[in-house]
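One structure is given here, and the rest of the page talks about it.
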Amino acid sequence: MSDFDTITHFINGAKRDTDSGRYADVFNPALGEPVARVALGTKEEVDAAVAAAQAAFPAWANTPPLARSRVLFKYLDLCRQHTDEFAAMLTREHGKTFTDAQGEVARGIEVVEYAVGAPEFLKGEYTDQIARGIDAWSMRQPLGVVAGITPFNFPVMVPMWMFPMAIACGNTFILKPSERDPSPSLLHAQLLKQAGLPDGVFNVIQGDKVTVDAILDNPQIQAVSFVGSTPIAEYIYARGSATGKRVQALGGAKNHMVVMPDADMKMATDAIIGAAYGSAGERCMAISVVVAVGDAADQIIGQIAERAANLKIRDGMDKEAEMGPVVTRQAKERIERLIGSGVEQGAKLVVDGRNYAVAGRENGFFVGGTLFDHVTTDMTIYKEEIFGPVLCVVRVPDVATAVEMINANEYGNGTAIFTRDGGVAREFVRQIQVGMVGVNVPLPVPMAFSSFGGWKRSLFGDHHAYGPEGVRFYTRHKAVMQRWPNTASAGVQFAFPQMK
């Protein structure tokens, strides 16, 4: 058992340790050393959180949307005040640079800014006199207890894709964060309580697969949101749906960026470096494949190689750091094995990031920026989601081949094209089978008032995250028709009703 501080559950407005006796170490990836431990929950603890959420649901669902919005508005203000505290937690437990962490918090806050508009987006439609003496309207009502299972790579932002929307819609929420970087989950809980959220409306259960399965199997949980790898997303979707839950499971990605020969090559190179190596490549929207059309590769490969080889890779708290470590030793070892497979299968290794060491942080989980050229679609480094700072360049003769290749990929999360030709860009946007598309924009992540999500094996379920899709996911639509006794009766009707 570790002597470090313990990161616990948060149930019914209070911290609660686990009864399981099971804990996992939480590492600082830059140091390669544990800095805390996290409780690993039990089915009984999940059930306790569900009971608290279930008890809080009737009063919260009956709270006017404006009153719910005011609580979230106070929470929004507190998040802004605590941005640097959130960012420091991210850097300490995830490893991303402090400035990148601040950006993550800012993007999460944008979803809260949208969620405070609940009085507007929960309005229904009304039509009077749809037939003689009959009026009709629609309304959206909350589901009940809902849950979110979130990944290590965005431990502040991704939960904020979920619980502000769910709470604004009148649901109560259970968050199961990643055990790799769980501290932000408790700060969320504390700030929500400080903002005046009633006890039981927001709960946190720390844990591993035991906790996840208990959430999926609990019959009182009405819906589950998930972000993570495709195999786990598919598992979450299948098991959750089998118990009658509404499930929104966002999976993995293999994001391609097409570079046309006419592109602004400086703009394209800058975009590639940030999108491929930012956050050490541990983003579901990271560009991991450059599809170079015609002679585009010859124009940019040297620039990419020079920049990749000279990235400022340091402890994320270093103000000059451009990239930090990957999240775990296991992740580092897996990434380096995949780099080795690329060499063995015939790709040209232009920049090798293996065995990277940072002075004073020799035990950290660092991988240097890595670049492959002449990658083919049958290679493991092309087919697998590496989730690290490894960029593959695939050369194709024309844009039609690029589109065909991207559409054949099992993932459909994000893609981009860099070109000066509007006609080429327009056809690319229309033909590509991917959920989020950028034109001269490398990471086309929609703003909070839109919705986020991919196609194919990048999304399991019918609804994307946050924005209007989030409202639909966390509510049920109800249609109402009314007629009062003082109107004339139409008499008995045995045929299917028609409006006259």
(request) Please work out the C-alpha center-to-center distance from the range 255-275 to the range 108-164 and express it in whole Å. (result) 37
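So which trypsin sites (Lys or Arg not before Pro) in the range 385-454 end up in coil per DSSP with only 16 or fewer other C-beta atoms within 10 Å? Before the final figure, lay out each step's value.
Numbers: sites: 395, 420, 426, 430; in loops: 420.
Passing sites in the range 385-454 are 420.
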(request) Run the numbers on the range 108-253 and let me know its relative contact order in percent, using alpha-carbon pairs under 8 Å that are six or more apart. (result) 21
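Tell me the net charge near residue 297. Cut-off is 9 Å between Cβ atoms, residue 297 excluded, with +1 for each Lys or Arg and -1 for each Asp or Glu.
Details: positive: 395; negative: 295, 298, 373.
Around residue 297, the surrounding residues sum to -2.
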(request) Identify the residues of the range 1-34 with backbone N under 16 Å of a label point that sits 7 angstrom from the Cα of residue 190 along the Cα-to-Cβ direction, or state none. (result) 5-11, 13-17
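If contacts are Cα pairs under 8 angstrom and at least 6 residues apart, what is the relative contact order of the range 359-496 in percent? Display every interim value, and only then the final one.
On the way: 149 pairs, mean separation 21.3, N = 138.
After rounding, I find 15 percent.
Computed FRET efficiency, Cβ-Cβ of residue 462 and residue 407, R0 22 Å: what is it to the nearest 0.05? Let's see the in-between values first.
Numbers: r = 21 Å, r/R0 = 0.97.
Efficiency for this residue pair is about 0.55.
By how many nm would the segment from residue 492 to residue 99 grow when fully extended, if each residue of separation counts as 0.36 nm and the alpha-carbon distance is taken off? Mind dumping the intermediate values first?
On the way: separation 393, 0.36 × 393 = 141.48 nm, distance 6.99 nm.
Net length gain for the segment: 134.5 nm.
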(request) Mind checking the range 66-170 for GluC sites (Glu not before Pro) that DSSP puts in a loop (not H, G, I, E or B) and that have at most 16 other Cβ atoms within 10 Å? (result) 125
(request) Taking H placed 1.01 Å from N in the peptide plane, check which residues at least 5 places from residue 22 or on another chain put their amide H under 5 Å from its amide H. (result) 40
(request) Find the relative contact order for the chain and round it to a whole percent, using C-alpha pairs within less than 8 Å whose residues are 6+ positions apart. (result) 18
(message) Using each residue's phi in the range 42-52, evaluate 6.51 cos²θ - 1.76 cosθ + 1.60 at θ = phi - 60° and report the 3J(HN,Hα) Karplus result to the nearest Hz, with x for Gly and Pro.
(response) 10, 4, 5, 6, 4, 4, 5, 5, 5, 4, 5
(request) Mind grabbing the base-10 log of I(q)/I(0) for the range 370-500 at q = 0.17, 0.20, 0.22 Å⁻¹? Debye formula, identical points on the C-alpha positions, no solvent, two decimal places. (result) -1.04, -1.29, -1.43
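Counting other Cβ atoms within 10 Å of each Cβ, which GluC sites (Glu not before Pro) in the range 246-329 have at most 15 and sit in a DSSP loop?
320
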(request) Return the inverse of the average 1/r over all pairs of distinct C-alpha atoms in the range 77-149, which is the Kirkwood hydrodynamic radius, in Å to one decimal. (result) 15.9
(message) Suppose each label sits 7 Å from its Cα in the direction of the beta carbon; what would the residue 267-residue 33 distance come out to in nanometres?
(response) 4.7
(message) Using protein chains only and a probe of 1.4 angstrom, how many square angstrom of residue 229 are accessible, to the nearest 10?
(response) 50
(request) Using a cut-off of under 15 Å, list every residue of the range 331-348 whose amide N is near the label point 7 Å from the Cα of residue 380 along the Cα-to-beta-carbon line. (result) 331-347
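The values are calculated or read from the model by the stated rules, or taken from the named source; none is laboratory data. In this text the structure is predicted, and so the values were computed from the model without any measurement. Using ideal geometry, Cβ is built from the backbone for each residue, glycine included, and neighbour counts are taken over all protein chains shown. Just the protein is used for accessible areas: all its heavy atoms, side chains included, with ligands, DNA and RNA removed. Shrake-Rupley method; radii C 1.70, N 1.55, O 1.52, S 1.80 Å.
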